[in-house]
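Structure first, then comments.
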């Protein structure tokens, strides 16, 4: 998540606005889409992002965000484009749809966590809009891994490639919110702090929905065993990244949440590929 312009006011100060703008799944979906994408969402009143509400609608929002790039992959492959070229176009479409949120988060998080020698210095680096060696290397690797994974599967079955990508992106975004459940904000003035922590119940409800979608999308193209392996891989990545953020930052930021989403997406794709 890109948080160059922090949100200062916490969501509890906007309960009256939230009530007037509407509550429920539709309002939560709009909030999630506005937070995680650049897709048009109509002219409903803006609400300050609340991660607790976003967690409930995020699996559905991830489908909305990912369906366009996934269709671009399928259409490109069926039109006769080389599979890796179609995959590169699709990944580019995802970057446009999300405003490069995950890519920016990966670069900032890797620069900060591995380029600083103290908690304060790591947080300072992550707020810097410039990218260093760790960030550029991680960003390039993230894009390359997605393109090669999708291109390899699309060469065999474009529909399977699109389904696996949707499943992985859903798991990545929803799984990454675990950081906002278990760790406090690392800084008081960041957008993550303003968006609030995620109640465990909300995370579990959204996570259960994400797991159902993971199974529905990935199992037909792979197997039930593959989905179990992918879930285990995602859990290991989430646990490891959480421990790293706890040790190096003593908390979480929007950047490390976004980077975890990218890591989980990559881990799920890597776990599913051998079963295609």
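The values are calculated or read from the model by the stated rules, or taken from the named source; none is laboratory data. Worth saying up front: this structure is predicted, and the values here are computed from it rather than measured. Note that we place each Cβ from the backbone using ideal geometry, even for glycine, and neighbour counts take in every protein chain shown.
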Next on the checklist: Looking at 128, 108, 104 in this structure, which one is out of contact with any strand residue (DSSP E or B) (no Cβ under 6 Å at 6 or more places or on another chain) and modelled with pLDDT under 95?
Outcome noted: 128
Item to check | Selection from region 250-262 of residues that are surrounded by fewer than 23 Cβ atoms within 10 Å (Cβ to Cβ) and either out of contact with any strand residue (DSSP E or B) (no Cβ under 9 Å at 6 or more places or on another chain) or in a helix (DSSP H, G or I) (or both) | outcome: 250
Checklist entry - Are there any helices (runs of 4 or more DSSP H) wholly within region 84-197 with 2 or more residues that are in contact (Cβ under 8 Å) with a residue 12 or more places away in the chain, in contact with a helix residue (DSSP H, G or I) (Cβ under 7 Å, 6 or more places away or on another chain) and under 18 Å from residue 251 (Cα atoms), and if so which? => result 101-115, 119-127, 158-176, 178-182, 191-195
Checklist entry - Within region 232-242, is even one residue in contact with a helix residue (DSSP H, G or I) (Cβ under 9 Å, 6 or more places away or on another chain), surrounded by 23 or more Cβ atoms within 10 Å (Cβ to Cβ) and within 21 Å of residue 162 (Cα to Cα)? => result yes
Next on the checklist: Step by step: first the residues of region 1-23, then only those that are in a loop (DSSP other than H, G, I, E, B) and more than 30 Å from residue 103 (Cα to Cα), then the one that is modelled with the highest pLDDT. Which residue is that?
Outcome noted: 23
Next on the checklist: Here is a check on your reading of the model: is residue 42 part of a loop (DSSP other than H, G, I, E, B), touching a residue at least 12 places away in the same chain (Cβ under 8 Å) and in contact with a helix residue (DSSP H, G or I) (Cβ under 8 Å, 6 or more places away or on another chain)?
Outcome noted: yes
Next on the checklist: Can you go through 109, 61, 102 and tell me which one is surrounded by 22 or more Cβ atoms within 10 Å (Cβ to Cβ), more than 24 Å from residue 246 (Cα to Cα) and within 19 Å of the chain's Cα centre (by Cα)?
Outcome noted: 61
Checklist entry - Across region 145-191, what is the total count of residues that are within 25 Å of residue 210 (Cα to Cα) and more than 14 Å from the chain's Cα centre (by Cα)? => result 23
Checklist entry - For residue 235, are the conditions met, namely being at pLDDT below 95 and under 17 Å from the mean Cα position of the chain (by Cα)? => result no
